[in-house]
Amino acid sequence: MRILLSIIKWVFAGFALLLAAGLVLPQGLAFLDQLGKKERAAYLQEAKVYGGSGADLSSATFPPAFYTNRLFLFGEMHGVAGPQTVDLALMNHLNKKIGVRWLLAELGPETAMAFNTYLSTGDDQWARTAFDGWAEMGAQWGNKDFFAKLENIRAANAARPPENRVYFLGVDQIQNETLAANLPSALPAPIGPQALIARRTNEALLAATKQRDAQRYGHILVNIDLVLQDPDLIDEPFYGFWGLFHVLEVTVNGTARPLALRLKDNPAFGDRIATLLAGFGPGSFMMWPARILPGPLHGKNGEAYTLLPMGNDNPYMGYMHGIRDLELANGDDTVSIFHMDRAGSPYMNGKRLVNNFGLSSLIWKFNIDGNISSAVDYVVYFNATPALTPWQGDAFDFTGRATSARR
């Protein structure tokens, strides 16, 4: 009996030791990660090209070379509200500065046509059909914040000359079969020269995509080439708002080649690609599709989405090495934009802002190869941002803090 009790004692002691290590080790790693952060924050203060609410980038001090690029890609984390605001501000800024009119979008051509119809004519029937389709799938794209952004794009277009208005070019695979089957024949005629070009281009993209049997990037890359061959677009600059993977200029997990890296091999772009990547501080939340989460994270009322913390500074759930460098340099701003590959950057070596630890890194392997200065040109840091609001119904607020974060 004494042997059995001794075994039980050692088992419990071992379990307690592992539990203590699990609680203490992540905090210890986070503490060690902050050593020297003041020196790095000093560099970041010099490299900070914007600090503010994120709603208007007119005060941004991007270097002149930034505006000589032909393609601008902003990588977001789907499900988070803050990037929607910066996306609108960035497209408005680029439109005003260098006349960017074309959104090379992470949308199917049928969805782009639906959105452009609303932007051109004010008829939102088909745009709402696209959002209804995303809601039925439980996709993060189905949210009220995105639709509000469309309304803001339409309002901004109304203040622009017709030839300088912004429209979507859908270069992704088909996302909504209902729209693909009914468009463009069901749409009203577009209004304005840019809207006419957008309709013609998206029609050609839709017809080609329907005929093509390919994996996703097989559609995207060929569709981008089709856009570049259009005589009205052959010399145009483009802007795109994509998921964070797509805007990286290095491989991920050793072999995966993101869109920006692939497009650097396209002579139409080459090195004329500017990339911006979102990062998130404490108090940030994400709207997750409940269908991909384990049962304990589901709401009791069958909500399609769950709101969860997603800041990059949580040592247990997910911690990005170097995230608190950005937090310190950000100060009291809601959003800061940092130029990561300028001369003297301490981020040109090492794994800060690319390496992660925590539970999320065990569930979702996402290792950016190389260093952050090679991976992207700018990091857009959100001090705290709420989750998106579902297009239909309510989301389950798992912590009880996500809803109040929107206020």
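The values are calculated or read from the model by the stated rules, or taken from the named source; none is laboratory data. Just so we're clear, the structure is a prediction, and the values are computed from it rather than from any experiment. Note that we place each Cβ from the backbone using ideal geometry, even for glycine, and neighbour counts take in every protein chain shown. We work out accessible area using only protein heavy atoms, side chains counted, and drop any ligands, DNA or RNA first. Shrake-Rupley method; radii C 1.70, N 1.55, O 1.52, S 1.80 Å.
Any idea which of 228, 263, 277, 248 is under 17 Å from the mean Cα position of the chain (by Cα) and under 25 Å from residue 174 (Cα atoms)? Give the steps one after another, and end with the answer.
Working: 228 fails: under 17 Å from the mean Cα position of the chain (by Cα); 263 fails: under 17 Å from the mean Cα position of the chain (by Cα); 277 fails: under 25 Å from residue 174 (Cα atoms).
From the options 228, 263, 277, 248, the qualifying one is 248.
Hey, among 111, 178, 129, which residue is part of a helix (DSSP H, G or I), at negative phi and at pLDDT below 95? Outline the logic, then answer.
Working: 111 fails: at pLDDT below 95; 129 fails: at pLDDT below 95.
Checking each option against the conditions leaves just 178.
Would you be able to say whether some residue in segment 155-173 is under 30 Å from residue 293 (Cα atoms) and surrounded by fewer than 19 Cβ atoms within 10 Å (Cβ to Cβ)? Quick ask: steps written out before the conclusion?
Our first condition is that a residue be under 30 Å from residue 293 (Cα atoms); within segment 155-173, this holds for 170-173.
Now narrow it down to the ones that are surrounded by fewer than 19 Cβ atoms within 10 Å (Cβ to Cβ): 173.
Yes, the conditions are met somewhere in segment 155-173.
Could you count how many residues in segment 235-256 are open to solvent by less than 40 Å² (accessible area, probe 1.4 Å), of a type in the set (Ser, Thr, Tyr) and assigned to a loop (DSSP other than H, G, I, E, B)? Walk me through it before giving the result.
Within segment 235-256, the first condition is being open to solvent by less than 40 Å² (accessible area, probe 1.4 Å), and the residues that meet it are 236-244, 246-252, 256.
Right, trim to of a type in the set (Ser, Thr, Tyr) and you get 239, 251.
Those left that are additionally assigned to a loop (DSSP other than H, G, I, E, B): 251.
Here the count works out to 1.
Are any of the residues in segment 76-88 part of a strand (DSSP E or B), open to solvent by less than 30 Å² (accessible area, probe 1.4 Å), touching a strand residue (DSSP E or B) at 6+ places or on another chain (Cβ under 6 Å) and closer than 30 Å to residue 308 by Cα? Give the steps one after another, and end with the answer.
Just the residues of segment 76-88 that are part of a strand (DSSP E or B), to begin with: 76, 80.
The next check asks that each one be open to solvent by less than 30 Å² (accessible area, probe 1.4 Å); those that pass are 76, 80.
Going one step further and asking which of them are touching a strand residue (DSSP E or B) at 6+ places or on another chain (Cβ under 6 Å), we end up with 76, 80.
If we keep only those that are closer than 30 Å to residue 308 by Cα too, we end up with 76, 80.
Scanning segment 76-88 turns up at least one residue that is part of a strand (DSSP E or B), open to solvent by less than 30 Å² (accessible area, probe 1.4 Å), touching a strand residue (DSSP E or B) at 6+ places or on another chain (Cβ under 6 Å) and closer than 30 Å to residue 308 by Cα.
If we scan segment 318-335, do we find a residue that is open to solvent by 30 Å² or more (accessible area, probe 1.4 Å), farther than 30 Å from residue 66 by Cβ and either modelled with pLDDT under 95 or not hydrophobic (A, V, I, L, M, F, W, C) (or both)?
Residues of segment 318-335 that are open to solvent by 30 Å² or more (accessible area, probe 1.4 Å), as a first pass: 320-321, 324, 327-328, 331-334.
Still in the running and farther than 30 Å from residue 66 by Cβ: none.
Checked against the condition, which is being open to solvent by 30 Å² or more (accessible area, probe 1.4 Å), farther than 30 Å from residue 66 by Cβ and either modelled with pLDDT under 95 or not hydrophobic (A, V, I, L, M, F, W, C) (or both), segment 318-335 yields no hits at all.
For residues that are under 27 Å from the mean Cα position of the chain (by Cα) and under 19 Å from residue 188 (Cα atoms), scanning just segment 205-218, find the one that is surrounded by the most Cβ atoms within 10 Å (Cβ to Cβ).
Ranking the candidates gives 205 first.
Condition (residue is more than 24 Å from residue 268 (Cβ to Cβ), touching a residue at least 12 places away in the same chain (Cβ under 8 Å) and part of a loop (DSSP other than H, G, I, E, B)) applied to segment 97-106: is it met by at least one residue?
First pass over segment 97-106, keeping only residues more than 24 Å from residue 268 (Cβ to Cβ): none.
Taking every residue of segment 97-106 in turn, none turns out to be more than 24 Å from residue 268 (Cβ to Cβ), touching a residue at least 12 places away in the same chain (Cβ under 8 Å) and part of a loop (DSSP other than H, G, I, E, B).
Restricting attention to segment 154-161, does a residue exist that is among the basic types (Lys, Arg), in contact with a helix residue (DSSP H, G or I) (Cβ under 7 Å, 6 or more places away or on another chain) and assigned to a helix (DSSP H, G or I)? Walk me through how you get there before you give the answer.
The initial filter retains those residues of segment 154-161 that are among the basic types (Lys, Arg), namely 154, 160.
Then keep just the ones that are in contact with a helix residue (DSSP H, G or I) (Cβ under 7 Å, 6 or more places away or on another chain); that gives 154.
Among the residues that remain, those that are also assigned to a helix (DSSP H, G or I) are: 154.
Taking every residue of segment 154-161 in turn, at least one turns out to be among the basic types (Lys, Arg), in contact with a helix residue (DSSP H, G or I) (Cβ under 7 Å, 6 or more places away or on another chain) and assigned to a helix (DSSP H, G or I).
Among the residues of segment 151-173, are any modelled with pLDDT of 95 or more and more than 20 Å from residue 101 (Cβ to Cβ)?
Yes, that holds for at least one residue.
Given the criterion β-branched (Val, Ile, Thr), open to solvent by less than 10 Å² (accessible area, probe 1.4 Å) and closer than 27 Å to residue 100 by Cα, identify the matching residue among 306, 275.
Values: 306 fails: closer than 27 Å to residue 100 by Cα.
It is 275.
Please enumerate the residues belonging to segment 183-215 that are in contact (Cβ under 8 Å) with a residue 12 or more places away in the chain and among the polar types (S, T, N, Q).
194, 201, 202, 209
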